[in-house]
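See below for the structure under consideration.
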Amino acid sequence: MTGPDPLPGPHEGAWAAFDALVAERLPQWAEELIAYLAIPSEGGDAASLADAAAWTAARLARAGAAVEVIALDGVPPLVVGELGEGPRTITAVQHYDVQPAEPFELWTTPPYAPHVRDGRVWARGATDNKGEFLPRLWALEAYRDAIGPLPCRVRFLVEGQEETGSGGLDDLLDQAPRLREADAALIEGGGLDLNGRPGVVGGGKGIVVFELFAKTMAHDAHSSLSVLLHNAGHRLIAALATFWDAEGRPAIAGLDAGRRPPTPAQLDVIAAQDQQDLADIRADWAVERFIGGLDGVAAMEALTFQTTLNLQGLWAGHTEPTPKTVTPAEAHARLDVRIVPDQRPDEVLAAVRRHLDAHGFADVDIRKREGEPAWWTPPDHVVVTTAAAVSTEVAGQETTLGVSMAGTVPMAQVCARHRVPCTTLGAGRADCRAHAPDENIRLDDLAAAAKMMGRFVAAFARLPEVPRVP
Ligand SMILES: [Zn+2]
């Protein structure tokens with residue numbers, strides 16, 4: 001980036017004071033995280049979600065944020081907290097809900113009895129997302145106390161439905177459309193690999209989840225009648241058999257309609273990535289060969305840019321250990337499609353519908369469960385490269401750039417309307433076991449995440465310009 005420095009940045013001594021304050025406050029921050037993690041705010045647990053929302057709002061208020069809680073029937077509230085002044089705004093997109101903790105027996109210590117052991121905090125939500133949200137807020141407090149007033153506005157959007165698909169987020173944001181106006185957005189967290197090397201990406205894939213439902217008769221039948229009556233399981237299997245080719249590649253015409261071809265800059269980023277990941281996947285899952293014989297850069301590109309079509313599960317008839325001579329009347333399958341810019345969930349479902357109709361399965365119903373578009377910021381955008389630069393500075397190792405997370409984050413709902421650029425930032429470790437038993441975060445990584453946030457805010461405020469996503 002060239003151009004003038006409109007604002008002087010904090011000097012070397014200021015960062016030393018900031019880092020010293022981070023170290024000094026870390027023990028009390030850990031206690032605070034532990035209190036937050038003790039709230040079992042799993043999706044569907046309305047009382048605990050309300051407790052977590054109230055805790056979040058109170059904590060933001062204690063930091064001096066202007067707090068607003070946006071409520072709608074049937075959706076956990078969206079907690080909004082805004083700090084700082086200045087011509088630019090960063091939106092930090094977080095969540096206070098957590099994944100279910102079961103199976104409990106696989107946890108070394110109970111998921112909602114958080115504590116520090118071996119330099120880490122252990123609990124459900126330790127990284128995802130309570131332990132990624134709080135360091136960002138702590139960083140702003142430490143910045144004010146060690147350096148001075150915040151150089152820009154930071155708006156926290158903390159939702160309670162992220163782990164179950166963010167289905168209400170668009171409606172919540174529609175209650176206050178100004179919440180979508182920002183110059184940049186931070187995805188909920190960021191990553192370090194096992195060696196502490198940071199990775200930064202500019203977005204996440206979207207997702208469409210749907211069920212197929214076949215019904216062939218009024219109710220289940222004695223299997224002696226199967227010579228006359230259509231089995232719903234057969235019907236569903238026959239339909240599914242047309243969804244992939246013999247190799248396992250999606251065979252639905254138009255499934256990737258609207259997909260933007262990768263740009264040269266994106267392809268360069270993928271080509272520069274470490275292909276050790278592919279070897280790790282082969283070793284971890286004990287497979288010799290990938291679908292279609294994919295390998296090398298082509299496999300890395302497919303992971304990022306390809307629209308997926310995955311069968312999550314299927315169920316029909318009697319599946320208990322003892323036999324039962326029954327012919328099922330109903331059969332179900334659940335599938336997910338990971339999508340990329342500029343695909344639209346409804347167009348994906350329309351392609352599946354057309355495919356079923358064209359193959360003689362007009363009777364097989366599609367039931368939509370959730371749909372979120374993808375939102376990607378180019379990897380050479382200044383918001384992404386700034387996040388990478390501050391991550392490198394704090395971690396002391398060169399940051400790896402990527403194009404997109406493999407998973408889904410609700411950035412399209414927040415960013416797409418005004419084409420706001422976004423990036424990951426933070427220190428969630430590759431072995432943090434997010435979504436799994438024994439979720440944890442290192443105390444050192446809480447400190448690293450706070451240091452990255454402080455530096456990001458300072459660097460972001462000084463950027464000569466922050467372009468919109470093209
Ligand atoms: Zn999360």
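Residue 342 passes every criterion in (1) within 25 Å of residue 203 (Cα to Cα); (2) in contact with a helix residue (DSSP H, G or I) (Cβ under 8 Å, 6 or more places away or on another chain) apart from (2). Mind listing whichever residues of the stretch 90-108 are more than 25 Å from residue 54 (Cβ to Cβ) and touching a strand residue (DSSP E or B) at 6+ places or on another chain (Cβ under 6 Å)? Once the filter is applied, which keeps residues that are more than 25 Å from residue 54 (Cβ to Cβ) and touching a strand residue (DSSP E or B) at 6+ places or on another chain (Cβ under 6 Å), the stretch 90-108 yields nothing. For residue 178, the criteria (1) part of a strand (DSSP E or B); (2) under 30 Å from residue 79 (Cβ atoms); (3) out of contact with any Ser or Thr (no Cβ under 9 Å at 6 or more places or on another chain); (4) not acidic (Asp, Glu) hold in every case but one, which is (1). Within the stretch 121-137, the residues that satisfy the criterion of being touching an Asp or Glu at 6+ places or on another chain (Cβ under 9 Å) and either farther than 12 Å from residue 451 by Cα or away from the ligand (no atom under 16 Å from the Cβ) (or both) are 122, 123, 124, 125, 126, 127, 128, 129, 131, 132, 133, 134. If you filter the stretch 173-194 down to residues that are more than 16 Å from the ligand (Cβ to nearest atom) and of a type in the set (Asp, Glu), you find that the one that is farthest from residue 446 (Cα to Cα) is 174. Can you find a residue in the stretch 138-146 that is in the same structural domain as residue 445 (by TED's automatic domain parsing), within 16 Å of the ligand (Cβ to nearest atom) and either part of a strand (DSSP E or B) or over 28 Å from residue 49 (Cβ atoms) (or both)? Checked the stretch 138-146: no residue is in the same structural domain as residue 445 (by TED's automatic domain parsing), within 16 Å of the ligand (Cβ to nearest atom) and either part of a strand (DSSP E or B) or over 28 Å from residue 49 (Cβ atoms) (or both).
Take the stretch 65-82 and flag every residue that is farther than 20 Å from residue 424 by Cα, hydrophobic (A, V, I, L, M, F, W, C), away from the ligand (no atom under 16 Å from the Cβ) and in a strand (DSSP E or B). Break it down into steps so the answer makes sense when it comes.
From the stretch 65-82, those farther than 20 Å from residue 424 by Cα are 65-79; that's our starting set.
Those still in the list that are hydrophobic (A, V, I, L, M, F, W, C) too: 65-67, 69-72, 75, 78-79.
From what's left, away from the ligand (no atom under 16 Å from the Cβ): 65-67, 69-72, 75.
Within the stretch 65-82, 66, 67, 69, 70, 71, 72, 75 meet the criteria.
How many residues are of a type in the set (Phe, Trp, Tyr) and either touching a His at 6+ places or on another chain (Cβ under 6 Å) or within 15 Å of the ligand (Cβ to nearest atom) (or both) if we restrict to the stretch 91-115? Counting residues in the stretch 91-115 that are of a type in the set (Phe, Trp, Tyr) and either touching a His at 6+ places or on another chain (Cβ under 6 Å) or within 15 Å of the ligand (Cβ to nearest atom) (or both) gives 1.
Working carefully through the options 62, 88, find the one that is more than 16 Å from the ligand (Cβ to nearest atom) and either without any contact (Cβ under 8 Å) to a residue 24 or more places away in the chain or not basic (Lys, Arg) (or both). It is 62. Scanning the stretch 160-182 for residues that are under 19 Å from residue 88 (Cα atoms), surrounded by 15 or more Cβ atoms within 10 Å (Cβ to Cβ) and either small (Gly, Ala, Ser) or at pLDDT below 95 (or both) returns a single hit, 182.
Answer yes if at least one residue in the stretch 148-157 is under 26 Å from residue 42 (Cβ atoms), within 15 Å of the ligand (Cβ to nearest atom) and in a strand (DSSP E or B), and no otherwise. Yes, the stretch 148-157 contains at least one residue that is under 26 Å from residue 42 (Cβ atoms), within 15 Å of the ligand (Cβ to nearest atom) and in a strand (DSSP E or B).
I'm trying to understand the selection: among the residues of the stretch 328-339, which are in contact with a helix residue (DSSP H, G or I) (Cβ under 7 Å, 6 or more places away or on another chain) and crowded, with 20+ Cβ neighbours inside 10 Å?
Applying the first criterion (in contact with a helix residue (DSSP H, G or I) (Cβ under 7 Å, 6 or more places away or on another chain)) to the stretch 328-339 yields 328-331, 333, 337, 339.
328, 329, 331, 333, 337, 339 - these are the residues of the stretch 328-339 that are in contact with a helix residue (DSSP H, G or I) (Cβ under 7 Å, 6 or more places away or on another chain) and crowded, with 20+ Cβ neighbours inside 10 Å.
Criterion first (away from the ligand (no atom under 16 Å from the Cβ), among the acidic types (Asp, Glu) and within 27 Å of residue 171 (Cβ to Cβ)) does residue 118 satisfy it? Judged against the criteria, residue 118 is not a match. Checking 442, 433 one by one, the residue that is within 16 Å of the ligand (Cβ to nearest atom) and basic (Lys, Arg) is 433 and no other.
Among residues belonging to the stretch 200-220 that are within 16 Å of the ligand (Cβ to nearest atom) and assigned to a strand (DSSP E or B), point out the one that is nearest to residue 421 (Cα to Cα). Even if it seems obvious, please write down each step before you answer.
We begin by selecting, within the stretch 200-220, every residue within 16 Å of the ligand (Cβ to nearest atom); these are 201, 203-207.
When the remaining residues are screened for being assigned to a strand (DSSP E or B), the result is 201, 203-204, 206-207.
Values: 201: 11, 203: 9, 204: 12, 206: 16, 207: 20 Å.
Only one residue fits best here, namely 203.
The values are calculated or read from the model by the stated rules, or taken from the named source; none is laboratory data. Computed from a prediction, not measured in an experiment: that's the story for all the values here. Neighbour counts are summed over all protein chains in view; Cβ atoms, including those assigned to glycine, are modelled from backbone coordinates with ideal geometry.
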